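Presented below is the structure to which this report refers.
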Amino acid sequence: MIIVMKNTVTDDEINRVSDEVKSQGFQVHLSRGTERTIIGVIGDERVLEKEHFESLPGVQEIMPVLKPYKLASRDFHPENTVVDINGVGVGGREVTVMAGPCSVESRDQLLTTARAVRGAGAKILRGGAFKPRTSPYSFQGLGKEGLELLHEVGKETGMPVITEVMAPDQIDLVAQYSDILQIGARNMQNYNLLHAVGETPLPVLLKRGFSSKIDEWLLAAEYILSHGNYNVMLCERGIRTFDSKYTRNTLDINAIPVLKELSHLPVIIDPSHATGKWEFVRAASRAAVAAGADGLLIEVHPNPSEALSDGRQSLIPDNFTRLMQQIAVIAEAVGRSVDVHAPDSAENESILL
Ligand code: PEP
Ligand code: MN
């Protein structure tokens, strides 16, 4: 951290700041220029209260030199993290697709969708059981029954499953049924929830809040990592911008290369919530894979017009299959791969029906 002093600074003010820095276990490097005096702080500055030093007399400005997050940063962990989800690796060469309905509605709906997405190459089944709906009058999910169905259908079709956990007191229940804990956009800065999932061994998919900056998002990931859970995936799902007439949100494609530079954590794109319209989901998915995403999270429904949530943005299975074929070509062009072939092992035979 560099502390820039005002040009009117006195020796007493410089000494006071230097003494405070030293009293917190840091070394000081003083540089007196003709225009400005600068105090360099030597040590891991992240534990220092920037605001405190800003408030000391004679201080003009504080300039951090380290990123505010540590465990999430690529400086700390130069290699890409590959999160293992029951044998499915996320963050390696393969682009991993997670797909399924917005909400689990019935066994039939889920099984039909699961078979279709598995047959097209999806590796992980998504489905909401506890739904964070904007309106309290909208369908809130099937709760425990939804979790049971998700678990059962995941087993039947040979896919690990992902579902959202909305509160710390739901974690034990959700963890019994789900292979990944999803933290929704609305909960990105729910620090009690982040702390609590950080104490579980389960992989966590952390969605970006609608209006969150990248540093805030990485600091939210840091909450999970700093409580001992290193299996974190970041999911961009569209942010609020000034124009929301044609799409539900704006997909921040920039976030992919930015996160890849700043962090080692896998980056997943959710083109369904980002666009809000099924007819734009394929284009957004192609762009995401071209830009280096490690995976996609996509809503698929066998009959979107009857969906209990997010039907407008849900793909029908045929369109999902086309999407998979298209992103396979793009993945190849950028040195990645997408496995579009249905598995043919005996245990997964049922999905081919
Ligand atoms: C979801 O994926 O089911 C969901 C509710 O998404 P978000 O938190 O991004 O709105
Ligand atoms: Mn949804």
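The values are calculated or read from the model by the stated rules, or taken from the named source; none is laboratory data. Since the model is a prediction, treat every value here as computed from it, not as a measurement. Methodologically, a virtual Cβ is constructed for each residue, glycine included, from the backbone with ideal geometry; neighbour enumeration extends over all protein chains shown. These accessible areas exclude ligands, DNA and RNA; they are computed on the full protein's heavy atoms, side chains included. Shrake-Rupley method; radii C 1.70, N 1.55, O 1.52, S 1.80 Å.
What to note about this one:
- When the range 203-214 is filtered for residues that are farther than 9 Å from residue 232 by Cα, touching a residue at least 12 places away in the same chain (Cβ under 8 Å) and away from ligand 2 (no atom under 16 Å from the Cβ), the ones remaining, listed by number, are 211, 212, 214.
- Scanning the range 324-344 for residues that are over 14 Å from residue 123 (Cα atoms) and either modelled with pLDDT under 95 or open to solvent by 80 Å² or more (accessible area, probe 1.4 Å) (or both) gives 325, 329, 332, 333.
Conditions tested, residue by residue: (1) under 22 Å from the mean Cα position of the chain (by Cα); (2) away from ligand 2 (no atom under 14 Å from the Cβ); (3) assigned by TED's automatic domain parsing to the domain that holds residue 337.
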| residue | (1), (2), (3) |
| --- | --- |
| 90 | yes, yes, yes |
| 97 | yes, yes, yes |
| 101 | yes, no, yes |
| 128 | yes, no, yes |
| 136 | no, yes, yes |
| 142 | no, yes, yes |
| 147 | yes, yes, yes |
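- Filtering the range 178-193 to residues that are outside any loop (DSSP other than H, G, I, E, B), within 13 Å of ligand 1 (Cβ to nearest atom) and over 10 Å from residue 166 (Cβ atoms) leaves 180, 181, 185.
- Filter result for residue 244 (modelled with pLDDT under 95 and open to solvent by 50 Å² or more (accessible area, probe 1.4 Å)): yes
- Selection count where residues are more than 14 Å from ligand 1 (Cβ to nearest atom) and open to solvent by 10 Å² or more (accessible area, probe 1.4 Å), scope the range 117-142: 5
- Residues of the range 84-116 classified as polar (S, T, N, Q), more than 13 Å from residue 301 (Cα to Cα) and open to solvent by 10 Å² or more (accessible area, probe 1.4 Å), total: 1
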